[in-house]
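Undergrad: Before we start, here is the structure in question, set down as structure tokens.
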Amino acid sequence: MYFKVQDELYEVEIVKKLTTRNTYIRVKDDLTIYVTTNTFVPDREIEKLLKNSINSIEKMINTKKKKEEYENNFYFLGKKYDIVYTTDGSITLGSDKVFLDKRIDLDKWYKKEAVRIFKERLDYNYEKFSRNIPYPSLCIRKMKTRWGVCNIKDIKVTLNLELIKKDISCLDYVINHELSHLIHANHSNSFWKVVEENFPKYKETRKILKDY
């Protein structure tokens, strides 16, 4: 079965099981529309459901395309660079191009840059923070569902390595967000007031990060 979205045809993969009570639709990384449903649900009902869910399917497809485009390009501190592959064993940033040897482990390079830049921004934001808080230790690692984490017990802030690809304002927001947890552990109104004290444009920046 194929289904048209934005004038493009997408393959529909249907998996029917006796144990499945409801029907679920998701879009896989290869842009296949994946439907799981009960064994006794006829295909015509699935087609009807797909038509009724066109807006959400379109959104899922656009999200997947945006993610693929993001992952297949080179970003550093919010700027996209065209990739020029070399064999000199290094990474060099130009004004709008990055000269990159394919053999280089990009995650290691990003981590090295993040250790320096994240520490600088943590120090900067800590010094101007509006409340009296202890200075936290810093951890950097890849995370799938969070941009940052604050361990109040250990007084440790963990930042997502992917922030090295975002604009510096996104990094500053996440740092201020996590520092604010050293005042309020939850996400109460009082917490957000502390965030706003230190990062007035937090709502706009949150939206940028949510769109990722």
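Undergrad: Please give the contour-minus-distance gain from residue 31 to residue 48: 0.36 nm per residue of separation, less the Cα-Cα distance, rounded to one decimal in nm. It would help to have the intermediate numbers written out before the result.
TA: Numbers: separation 17, 0.36 × 17 = 6.12 nm, distance 1.97 nm.
Here the segment from residue 31 to residue 48 would lengthen by 4.1 nm.
Undergrad: Give me the percent of accessible area attributable to carbon and sulfur for the chain, probe 1.4 angstrom.
TA: Numbers: 6440 of 13300 Å².
The C+S portion of the solvent-accessible surface of the chain is 48 percent.
Undergrad: Further, regarding this structure: Counting Lys and Arg as +1 and Asp and Glu as -1, what is the net charge of the other residues whose Cβ lies under 12 Å from the Cβ of residue 88?
TA: It works out to a net charge of +1.
Undergrad: Still on this structure: Take the Cα gyration tensor of the chain, multiply each eigenvalue by 5, square-root it, and list the three semi-axes largest first, rounded to whole angstrom. It would help to have the intermediate numbers written out before the result.
TA: Details: eigenvalues 307, 136, 44 Å².
Here the semi-axes work out to 39, 26, 15 Å.
Undergrad: How large is log10 of I(q)/I(0) for segment 122-212 at q = 0.12, 0.23, 0.24, 0.25 Å⁻¹ when the intensity is taken from the Debye formula with one equal scatterer per alpha-carbon?
TA: -0.32, -1.29, -1.41, -1.52
Undergrad: Rounded to the nearest 500, what is the 222 nm mean residue ellipticity of the chain from helices alone, with -39500 (n - 2.57) per DSSP H run of 4+ residues and division by all residues?
TA: On the way: 6 runs with 82 residues, N = 212.
One gets -12500 deg cm²/dmol as the mean residue ellipticity at 222 nm.
Undergrad: According to a simple spin-label model (label point 7 Å from Cα along Cα-to-Cβ), what is the distance in nm between residue 85 and residue 196?
TA: 5.0 nm
Undergrad: In addition: For residue 119 and residue 40, what does the FRET efficiency come to when R0 = 41 Å and r is the distance between their Cβ atoms, rounded to the nearest 0.05? Please report the intermediate quantities before stating the final value.
TA: On the way: r = 59 Å, r/R0 = 1.43.
Efficiency for this residue pair is about 0.10.
Undergrad: With all protein chains present and a 1.4 Å probe, how do 115, 84 order by accessible area, largest first?
TA: Values: 115 80, 84 50 Å².
My answer, sorted largest first, is 115, 84.
Undergrad: Modelling each spin label as a point 7 Å along the Cα-to-Cβ direction, I'd like the residue 109/residue 133 distance in nm, to one decimal.
TA: Label at residue 109, label at residue 133, 3.3 nm between them.
Undergrad: Label point 7 Å out from residue 14 along Cα-to-Cβ: which residues of segment 46-75 have amide N under 15 Å?
TA: Answer for this model: 46-52.
Undergrad: Which of 96, 107, 43 moves most in a GNM of the chain, Cα contacts under 10 Å?
TA: 43
Undergrad: Now for a different question. Compare 127, 178 by solvent-accessible area with a 1.4 Å probe and give them largest first, with all protein chains kept in place.
TA: Numbers: 127 145, 178 10 Å².
Sorted descending by solvent-accessible area, the residues read 127, 178.
Undergrad: When ligands, DNA and RNA are left out and all protein chains stay put, how many square angstrom of accessible area per residue does the chain have with a 1.4 Å probe? Write down the numbers at each step before the final one.
TA: Details: 13300 Å² over 212 residues.
Per residue, the chain has 63 Å² of solvent-accessible surface.
Undergrad: Between the alpha-carbon centers of segment 8-75 and segment 182-212, tell me the distance in whole angstrom.
TA: 33 Å
Undergrad: Moving to a separate point now. Would you rank 129, 99 by solvent-accessible area, highest first, keeping every protein chain in place and using a 1.4 Å probe?
TA: If we order 129, 99 from most to least accessible, we get 99, 129.
Undergrad: Using the Cα centre of the chain as the reference point, and only Cβ charges (+1 on K/R, -1 on D/E), how large is the resulting charge dipole? Debye, rounded to the nearest 20. Present the calculation step by step, with values, prior to reporting the outcome.
TA: On the way: 41 positive and 32 negative charges, 130 e Å.
So the magnitude is around 620 debye.
Undergrad: Here's another thing I want to ask about it. Obtain the radius of gyration and the Kirkwood radius of segment 1-88 from its C-alpha atoms and give Rg over Rh.
TA: Here the Rg-to-Rh quotient is 1.17.
Undergrad: Just to confirm a number: summing +1 for Lys and Arg and -1 for Asp and Glu over residues other than residue 136 whose beta-carbon lies under 14 angstrom from that of residue 136, what do you get? Can you show the working numbers first?
TA: Values: positive: 119, 121, 131, 153, 156; negative: 123, 127, 154, 178.
Overall, the nearby charge balance is +1.
The values are calculated or read from the model by the stated rules, or taken from the named source; none is laboratory data. As the structure is a computational prediction, the values presented were derived from the model and not from experiment. Positions of Cβ are generated from backbone atoms using ideal geometry, with glycine treated the same way; all protein chains shown enter the neighbour counts. Heads up: the accessible areas ignore ligands, DNA and RNA and are worked out on the full protein's heavy atoms, side chains in. Shrake-Rupley method; radii C 1.70, N 1.55, O 1.52, S 1.80 Å.
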